Amino acid sequence: MTEFDRQQSANGTVLVTGGAGFIGTHLIDALIDKGENVAVIDDLSTSALKHLHPDAEFINQDICDPDVTNLVKDLNPKAIYHLAAQASVAVSAREPLTDVNINVIGTLNILEGIRELSHRPRFIFFSTGGAVYGDLEESALPANENVNAKPLSPYAVSKLAIENYLRAYGSLYNLNYAIVRPANVYGPRQNPDGEAGVIAIFTQAMLDGRQVTIFGDGNDERDYIYISDFVDGVLALAASDLPGPYNIGSGYGVSVNEIHHVLAEFIGEVSPPQHGPPRPGDIAKIWLDVTSAQRDLGWQANTSFQDGISKTVEWFRQPTR
């Protein structure tokens with residue numbers, strides 16, 4: 001039994017799994033600004049409490065622990081934002097069993113907790129808008145939500161599997177769900193020490209005067225979206241009654257070489273990058289068609305790549321960040 005205040009839960013708690021991470025802390029700030037009571041589940045394996053809003057109730061819990069099912073029942077939330085995940089394509093290629101245990105079994109633990117509730121909270125699932133589509137011909141880009149998904153990594157397979165589980169739970173158990181397919185989200189607070197998040201990794205290395213490694217020739221292109229734009233899109237979907245999936249991205253591709261070039265413009269003199277072999281599971285080119293989100297949710301990204309990079313570099317320069 002959690003120590004979380006049951007009365008607060010009765011008044012409408014919002015639960016965020018993986019809430020101590022980069023996206024989670026920004027999302028929680030926005031939720032609390034809207035007056036929501038927020039509870040957070042996180043095992044701190046890839047995150048820390050430094051940026052977690054002080055008004056959020058923190059619960060140190062691994063979603064792979066079957067007890068998380070009872071925790072969901074005790075919290076009795078009105079909405080769940082499910083961010084907790086193994087989020088690296090490279091790690092999934094090396095450790096597919098780890099990936100499936102966290103991303104599939106861990107998520108099902110949450111869903112089984114929902115089944116025990118007398119109501120159906122809004123369940124917002126963070127899938128992937130980069131990896132799930134697979135390698136598409138450039139003529140098929142930007143990728144829309146109706147593309148026949150052909151995932152090439154265990155990470156992408158696990159995310160697509162949960163999308164299908166949600167449809168099944170919706171049919172069998174009346175689950176009220178929404179699927180977000182994010183572009184590559186970047187901005188302040190992103191971890192520069194992991195294997196995912198190329199902008200954060202490059203920014204920290206270049207500010208430290210270290211040479212960065214580009215895997216492959218650097219012409220790979222991805223869709224990058226600034227964190228505040230992304231949170232706005234997620235909240236717009238959560239406030240609707242639509243299931244999705246919805247792409248939440250910028251709608252255009254940026255190459256790894258261009259990222260290095262733009263960062264160098266803001267950081268100053270830096271070492272030229274070194275190139276390594278391509279990583280297994282990486283996609284050559286992908287950017288997202290966001291027409292559906294614009295039409296159905298009234299949302300669009302407003303931060304240019306240049307402005308987003310400028311704000312990111314400014315934050316990474318802060319000595320007390």
Q | Label point at residue 115 placed 7 Å out along Cα→Cβ; residues across the stretch 31-69 whose backbone nitrogen lies under 16 Å | A | 66-69
Q | Equivalent ellipsoid, the stretch 45-118 (semi-axes from 5 times Cα gyration tensor eigenvalues, Å) | A | 23, 18, 9
Q. Using the Kirkwood radius built from alpha carbon pairs, what does the Stokes-Einstein equation give as D for the stretch 107-170 at 20 °C and 1.002 mPa s, in µm² per second?
A. 161 µm²/s
Q: Return the sequence-ordered ³J(HN,Hα) values of the stretch 30-47 in whole Hz as given by the Karplus equation 6.51 cos²θ - 1.76 cosθ + 1.60 applied to θ = phi - 60°, using x for Gly and Pro.
A: 5, 5, 5, 4, 7, x, 7, 8, 10, 10, 10, 10, 7, 9, 6, 5, 10, 8
Q) For the chain, what does the equivalent ellipsoid look like in terms of its semi-axes, each the square root of 5 times an eigenvalue of the Cα gyration tensor, given largest first in whole Å? A) 31, 22, 18
Q.
What are the ³J(HN,Hα) couplings of the stretch 261-267, residue after residue, when phi is run through the Karplus curve with 6.51, -1.76, 1.60 and θ = phi - 60°? Round to Hz, x for glycine and proline.
A. 5, 5, 4, 4, 4, 8, 8
Q. How would you classify the stretch 204-321 from its alpha-carbon gyration tensor, with a ≥ b ≥ c the square roots of the eigenvalues: rounded for a/c under 1.5, else prolate if a/b is greater than b/c, otherwise oblate?
A. oblate
Q) Using the beta-carbon distance between residue 98 and residue 307 and R0 = 35 Å, what value does 1/(1 + (r/R0)^6) give for FRET efficiency, to the nearest 0.05? A) 0.45
Q: Give, as a single signed number, the net charge of other residues whose beta carbon lies under 13 Å from the beta carbon of residue 172, with Lys and Arg counted +1 and Asp and Glu -1.
A: +2
Q. Counting DSSP beta bridges in the chain, what percent are antiparallel, to the nearest 5?
A. 5 percent
Q: Report, to the nearest 10°, how far helix 106-115 tilts away from the longest principal axis of the Cα atoms in the chain, using its own Cα long axis and a range of 0 to 90°.
A: 30 degrees
Q.
Give me the one-decimal nm value for the distance between modelled label points at residue 210 and residue 315, 7 Å along each residue's Cα-to-Cβ direction.
A. 2.0 nm
Q) Considering amide H positions built from the backbone, and no H for Pro or chain starts, which residues 5 or more places from residue 221, or on another chain, come under 5 Å of its amide H? A) 285, 286
Q) Of 34/311; 50/311; 78/159; 159/285; 78/285, which ones are farther than 27 Å apart at the Cα? A) 78/285
Q. Expressed in nm to one decimal, what extension gain is obtained for the pair residue 271 and residue 137 from 0.36 nm per residue of sequence separation less their Cα-Cα distance?
A. 44.9 nm
Q.
Run the helix sum for the chain: -39,500 (n - 2.57) per DSSP H stretch of 4+ residues, divided by residue count, reported at 222 nm to the nearest 500 deg cm²/dmol.
A. -11000 deg cm²/dmol
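Every read-out reported here was derived from the displayed coordinates using simple, explicitly stated rules and does not represent laboratory data. Quantities reported herein were computed from a predicted structural model and do not represent experimental measurements. For neighbour counting, all protein chains shown are included, and Cβ atoms are generated from backbone atoms with ideal geometry for every residue, glycine included.
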